[in-house]
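The structure appears below as structure tokens.
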Amino acid sequence: MRGYVLRRCSLAALQCLAVLVAVFAVGTLLPGDTADVLRGELGTPEQIQALRVRLGLDEPAWARFWHWLGHLLTGDLGTSSTTGLPVSEDLGHRTGVTLLLGVPALLLVVLVAPVLGTVSGLREGSRLDRALNTAALLLHAVPEFVLGLLLVATVSLAAGVLPATAVGMDTDALLAQPSVLVLPVAVLAARHLCDLARQIRAGVAAQRHSTVATHLRLLGVRERTVVLRHVLPGALGPAAQQFARCVEGLLGGAVLVEAVFGFRGLGSGFVEAVQNRDLPQVQAYALLFAGTAVAVNVAGDLAAHRLAPRREVTA
Amino acid sequence: MLAAGGGLALAGSGLLTGCGRDGSSADDGDRFRAAFTAGGSQETLDPHVAPNFVDQARAKALYDTLGTYADDMSVRKRLADSWESDPSGTRWRIRLREAQFHDGKPVTAQDVLYSYRRAADPDTGSPSQELLSAIDFSASRADGRRSLILVLKAPNFEFPTVFAGPGTEIIPDGTRDFREPVGSGPFTYVSFTPGGTARYRRWADHWDGAPHIAELEIVPANEESARLNALLSGQVHYAADMAGSSVERLKKDGSARLLTAKRATAQQLLLRTGREPFDDPRLVRALQLGLDREELVRVALAGHGQVGDDLFGKGLRGYPDDLAPRRRDVEKARKLVKEAGADGLEITVETSSVDAAWEPAADLMRRQLREVGLKLTAHTRASSTYFSEIKTKGVAAFNTTSTLPVSDFLQQRLRSGTARNQTQFGSKKFDALLERARTTRDEQDRLAMLTRAQKIARDDSGLLVWAFSDANDAIGPAVHGLRAAPPNSHAWARFDRVRLG
């Protein structure tokens, strides 16, 4: 197990570095730079060049990347070329907002999906199972953007039950009025809830009919015990990896959900940073996203490894 | 389905603001929230760097300018009490009204000189830099506390347009740091996070009278649907820059109102006359005659606009009223294309999603120009760097300009050799007329010369104004005291005159 953990973690570090290099390379390939964006239509070529020099954008790309990496090792994420403020400040505010959306969404997924999946899987083919399956497929088929707009139009604007957006609200305001979070959390969780529930359902159904389960039943083991000791652990192993993908998916979903509901979180921050060609910011976001994705995948793999123990194969 | 939600928005708004500070009805009448797009700004409260609408709205709250634009872009007094030039048009005496900065210090001639000198510095990045650099700062001076003399490098009787230009706000002498900004505008600074909310408080001692609202918040919401939903649900009172389906939805909605500024944005096609193939004037003419402008307005602008006649500034001071409208003439255009030996020629036009009308317009134009023998293809560029890129790349490009004084537009965009002359138009006759207009004292004579210059530019400059589109902002049902006005003008985003209730 220890060897596996070590190999998995060093691979993770390499993955992060690769992402950073790739993101920086793609960032420099995008047309224009921050100076072009900021001066845009108004600036003369001389003004744009002056700004470029002031922002240090006249240095070669590899030199800027090298500086950035050097600062990173001292824990400094650099300075935004749009706002002139430390990137970590902006990232900090926005992480708070995204956590307010992501953590409840994740909890919703992790608490509700196993229940729905298990109930559905144990009653495979029943009316309840079919109803749940249809609902999950339908919900899954609606893009998050559309689902968000639909919910706002019906629940907020027509019925007047929940706030429509979080426009102009910072973390404090959101904490003071958590009802703002309900719709975006629901949208964010919906697709992953469906995914995970369906995966668990399939696992439960398969395990329930496995030869081992049948054998246990023939030995007279009670059905409850069969489900708790055998069926569920067997189904949850693969689900752990699916759950890890949920976390990544939530970060992706945050881009859309934050846009629809006007949140200033990591998703919208990343989009703005790319639009502004603010590479120090883009890099910091990429590091955070890649780090999170890699970390949860490692955790997912380790959990799956643990839940489905095999004999270690030594190379 | 989406539109159906709008009608009941009001019913819900009471619930929506059920808790938090927004909740109490006493506060509701006092705090005004306006949502703007905030992307692509340098995000400081430095008023001299103010390229976007949100920057201008923030600058308007905190600062004052010497003058301001009426709806037709003529200049009205603001901090300046009077201005007059000597007979040559080079020495301008400006007298200031009595006004105070938020720290209690009076606004003086020194402050004006400092502000203009700073905004004229190319490193600052003011949109009015070019116009302000006409001032000879070594010869200009304060003449008493509230009187100053600005000496120009060359005579210019249209100079006062600069007093109202964006990026000419008056800041206290010596200001370099804008983290706790001090201005003389109707609101005082409370807080600001770059990319986030800007908060202001009413300033009771403003010379033009205190604002009616106690607090102003300018909040960012880059997604149009988020701005619209925030407005419909009562979370904000003002949503800037509505377009397309949002406009339709607001029209159906019973409570919110649209503020529509007609002809606010000039939709242009820039043909680079300095490069092949548009160095041949016959092809420029062929495009002018080949476009079906009515169809473009009907389809690409969804009817929210008017046809253009290849000249900037319809309805503004200095626009010639006696123009024969451009009519489509396919026969003549086709003949010109053949004469130029350009039958079947492929032309690439630069476009992007900056303006939702461009891509449908490019599609229509491709069909319209095929009938005159030209093959148009569209090349889509990234929106945030589009304007910077088309300065150097391509032969034809879409562009928009919101309202600004006609004479400024001509000076900046069409004079030969200026940095923002993107069509590379160069006409000695045009330049000479502009020059003579600047040095002519009598206003009627001056406008007549501008008219003659515009007629030359209309035919030859390669700058085709194919339409004017409307600009839309939206306000909630409780908002009073705002009217539709073109962006850049005085009455636009005039939040110190707003009343709630």
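The values are calculated or read from the model by the stated rules, or taken from the named source; none is laboratory data. If you're wondering where the values come from, they're calculated on a predicted model, not measured in any experiment. Methodologically, a virtual Cβ is constructed for each residue, glycine included, from the backbone with ideal geometry; neighbour enumeration extends over all protein chains shown.
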> Within the range B:420-444, can you find the residues that are in contact with a helix residue (DSSP H, G or I) (Cβ under 8 Å, 6 or more places away or on another chain) and either modelled with pLDDT under 90 or farther than 16 Å from B:ALA154 by Cα (or both)?
Replying inline: B:ARG420, B:ASN421, B:GLN422, B:THR423, B:PHE425, B:SER427, B:LYS429, B:PHE430
> What do you reckon, is B:ALA243 aliphatic (A, V, I, L, M), buried (at least 19 other Cβ atoms within 10 Å of the Cβ) and under 29 Å from B:PHE53 (Cα atoms)?
Replying inline: no
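Could you check the range B:134-165 and list, in sequence order, the residues that are in contact with an Asp or Glu (Cβ under 9 Å, 6 or more places away or on another chain) and either farther than 23 Å from B:ARG436 by Cα or not in a helix (DSSP H, G or I) (or both)?
In the first step, residues of the range B:134-165 are kept if they are in contact with an Asp or Glu (Cβ under 9 Å, 6 or more places away or on another chain); the result is B:146, B:149-154, B:157-158, B:161-162, B:165.
Across the range B:134-165, the qualifying residues are B:ARG146, B:ILE149, B:LEU150, B:VAL151, B:LEU152, B:LYS153, B:ALA154, B:PHE157, B:GLU158, B:GLY165.
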>> Quick check on this structure: which one of B:ARG446, B:ARG458, B:ARG441, B:ARG413 is touching a Phe, Trp or Tyr at 6+ places or on another chain (Cβ under 9 Å), basic (Lys, Arg) and closer than 30 Å to A:GLN47 by Cα?
In response: B:ARG413
>> Please list, ordered by residue number, the strands (runs of 3 or more DSSP E) wholly in the range B:331-408 having 2 or more residues that are surrounded by 15 or more Cβ atoms within 10 Å (Cβ to Cβ) and touching a Phe, Trp or Tyr at 6+ places or on another chain (Cβ under 9 Å).
In response: B:345-352, B:396-402
>> Give all pairs with beta carbons closer than 6 Å in which a residue from the range B:372-392 that is away from every other protein chain (no Cβ under 14 Å) and free of Cβ contacts under 8 Å to residues at least 40 places away in the same chain meets a residue that is part of a strand (DSSP E or B) and charged (D, E, K, R); count only pairs at least 6 apart in sequence or on separate chains.
In response: B:LYS375/B:GLU346
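Among the residues of the range A:2-59, write down those that are over 26 Å from B:THR423 (Cα atoms), outside any helix (DSSP H, G or I) and within 12 Å of another protein chain (Cβ to nearest Cβ).
Initially, the range A:2-59 is screened for residues over 26 Å from B:THR423 (Cα atoms), giving A:2-29, A:53-59.
Adding the requirement that they be outside any helix (DSSP H, G or I) leaves A:55-59.
If the condition is that a residue be over 26 Å from B:THR423 (Cα atoms), outside any helix (DSSP H, G or I) and within 12 Å of another protein chain (Cβ to nearest Cβ), then A:LEU55 is the only one that fits.
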> Name the residues in the range A:74-88 that are in contact with a Pro (Cβ under 7 Å, 6 or more places away or on another chain) and within 21 Å of B:ALA50 (Cα to Cα), would you?
Replying inline: A:SER80, A:SER81, A:THR83, A:LEU85
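Residue-by-condition table, conditions (1) surrounded by fewer than 15 Cβ atoms within 10 Å (Cβ to Cβ); (2) among the hydrophobic types (A, V, I, L, M, F, W, C); (3) within 14 Å of chain B (Cβ to nearest Cβ):
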residue: A:GLY78; (1), (2), (3): no, no, no
residue: A:PRO86; (1), (2), (3): no, no, yes
residue: A:VAL109; (1), (2), (3): no, yes, no
residue: A:SER126; (1), (2), (3): yes, no, no
>> Anything in the range B:96-111 that is free of Cβ contacts under 8 Å to residues at least 60 places away in the same chain and crowded, with 16+ Cβ neighbours inside 10 Å? List them, or say none.
In response: B:LEU96, B:ALA109
>> outside any helix (DSSP H, G or I) and either surrounded by 16 or more Cβ atoms within 10 Å (Cβ to Cβ) or more than 23 Å from the chain's Cα centre (by Cα) (or both): which single residue out of A:PHE270, A:PHE289, A:PHE263, A:PHE243 fits that description?
In response: A:PHE263
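Take the conditions at positive phi and either more than 13 Å from every other protein chain (Cβ to nearest Cβ) or touching a Leu at 6+ places or on another chain (Cβ under 6 Å) (or both) and apply them to A:GLY220. Does it pass? Quick ask: steps written out before the conclusion?
Numbers: at positive phi: yes; either more than 13 Å from every other protein chain (Cβ to nearest Cβ) or touching a Leu at 6+ places or on another chain (Cβ under 6 Å) (or both): yes.
Considered against the rule, which asks whether it is at positive phi and either more than 13 Å from every other protein chain (Cβ to nearest Cβ) or touching a Leu at 6+ places or on another chain (Cβ under 6 Å) (or both), A:GLY220 comes out as yes.
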> Within the range A:153-171, which residues are under 23 Å from A:ARG94 (Cα atoms), among the β-branched types (Val, Ile, Thr) and within 7 Å of another protein chain (Cβ to nearest Cβ)?
Replying inline: A:THR165, A:VAL167
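Considering only residues that are touching a residue at least 60 places away in the same chain (Cβ under 8 Å) and of a type outside the set (A, V, I, L, M), which ones fall in the range B:326-357? Don't jump to the end; show me each part of the working.
Our first condition is that a residue be touching a residue at least 60 places away in the same chain (Cβ under 8 Å); within the range B:326-357, this holds for B:340, B:342, B:345, B:347, B:349, B:355-357.
Listed by number, the list holds a single entry, B:ASP355.
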> How many residues does the range B:186-240 hold that are within 14 Å of another protein chain (Cβ to nearest Cβ), touching a residue at least 40 places away in the same chain (Cβ under 8 Å), more than 25 Å from the chain's Cα centre (by Cα) and outside any helix (DSSP H, G or I)?
Replying inline: 4
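Within the range B:53-70, does at least one residue satisfy the condition of being within 7 Å of chain A (Cβ to nearest Cβ) and modelled with pLDDT of 90 or more?
Here is the first cut: in the range B:53-70, the ones within 7 Å of chain A (Cβ to nearest Cβ) are none.
Looking through the range B:53-70, none of the residues is within 7 Å of chain A (Cβ to nearest Cβ) and modelled with pLDDT of 90 or more.
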>> Can you report the number of residues in the range A:129-148 which are touching a helix residue (DSSP H, G or I) at 6+ places or on another chain (Cβ under 7 Å), surrounded by fewer than 20 Cβ atoms within 10 Å (Cβ to Cβ) and among the hydrophobic types (A, V, I, L, M, F, W, C)?
In response: 2
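Report whether or not B:SER147 is away from chain A (no Cβ under 14 Å), of a type in the set (Ser, Thr, Tyr) and buried (at least 19 other Cβ atoms within 10 Å of the Cβ).
On the way: away from chain A (no Cβ under 14 Å): yes; of a type in the set (Ser, Thr, Tyr): yes; buried (at least 19 other Cβ atoms within 10 Å of the Cβ): no.
So B:SER147 does not fit the description; no.
Restricting attention to the range B:467-481, which residues are in contact (Cβ under 8 Å) with a residue 24 or more places away in the chain and more than 18 Å from the chain's Cα centre (by Cα)? Break it down stepwise before answering.
Taking the range B:467-481 and keeping what is in contact (Cβ under 8 Å) with a residue 24 or more places away in the chain, we get B:467-479, B:481.
Scanning the range B:467-481 gives B:ILE475, B:GLY476, B:PRO477, B:ALA478, B:VAL479, B:GLY481.
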> When the range B:22-52 is examined, which residues are found to be modelled with pLDDT of 90 or more and outside any loop (DSSP other than H, G, I, E, B)?
Replying inline: B:ARG31, B:PHE32, B:ARG33, B:ALA34, B:ALA35, B:PHE36
>> Condition (residue is within 14 Å of B:MET365 (Cα to Cα), under 18 Å from the mean Cα position of the chain (by Cα) and of a type outside the set (Val, Ile, Thr)) applied to the range B:291-311: is it met by at least one residue?
In response: no
